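Undergrad: The structure's right below; bear with me while I get my questions together.
The values are calculated or read from the model by the stated rules, or taken from the named source; none is laboratory data. Worth saying up front: this structure is predicted, and the values here are computed from it rather than measured. In this analysis, Cβ positions are derived from the backbone assuming ideal geometry, glycine residues included, and neighbour counts consider all displayed protein chains.
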Amino acid sequence: MAPRVKVRLFHELRTNVGQSELELEANTLSELVQILIQRYSTLKELLFDSKGNLRGYMFFYINNAVQDPPILSRKLNDGDLVLLVPSAAGGKS
């Protein structure tokens, strides 16, 4: 069974999903992102550019530590708190 993590969404991510916090089961940060995109397809263009690269203005925090750069293969643990925070000044690039 995959670890159960809390995901907090901010700004336009929260607006697109319709809630600010979710609980998901995911083994890695990449799996978590894919689950979010499967459930909320509008998040894909907010998280990734047209070439499939993570947008530079998207910040990922795990247990309040910024992941800079975010390593999508990072393993998640039961109870982790993952924050997805677009930069307040961010825009489409």
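Undergrad: Quick check on segment 43-64. Is at least one of its residues part of a loop (DSSP other than H, G, I, E, B), without any contact (Cβ under 8 Å) to a residue 60 or more places away in the chain and of a type in the set (Asp, Glu)?
TA: yes
Undergrad: Any chance segment 37-53 includes a residue that's exposed (fewer than 12 other Cβ atoms within 10 Å of the Cβ), farther than 12 Å from residue 85 by Cβ, touching a strand residue (DSSP E or B) at 6+ places or on another chain (Cβ under 9 Å) and not polar (S, T, N, Q)?
TA: Among the residues of segment 37-53, at least one is exposed (fewer than 12 other Cβ atoms within 10 Å of the Cβ), farther than 12 Å from residue 85 by Cβ, touching a strand residue (DSSP E or B) at 6+ places or on another chain (Cβ under 9 Å) and not polar (S, T, N, Q), which makes the answer yes.
Undergrad: When segment 14-42 is examined, which residues are found to be aliphatic (A, V, I, L, M), closer than 23 Å to residue 77 by Cα and not in a loop (DSSP other than H, G, I, E, B)?
TA: Scanning segment 14-42 gives 22, 24, 29, 32, 33, 35, 36, 37.
Undergrad: Which one of these is surrounded by 12 or more Cβ atoms within 10 Å (Cβ to Cβ) and under 18 Å from residue 66 (Cα atoms): 17, 33?
TA: On the way: 17 fails: under 18 Å from residue 66 (Cα atoms).
One residue alone meets the criteria, 33.
Undergrad: Something else now. Pairs only if they're at least six apart or on different chains, beta carbon under 8 angstrom, first in segment 10-23 and at positive phi, second in a helix (DSSP H, G or I); list them, first residue then second.
TA: Final answer for the pair search is none.
Undergrad: I'd like to know if segment 2-9 contains one or more residues that are under 11 Å from the mean Cα position of the chain (by Cα), of a type in the set (A, V, I, L, M, F, W, C) and at pLDDT 95 or above.
TA: yes
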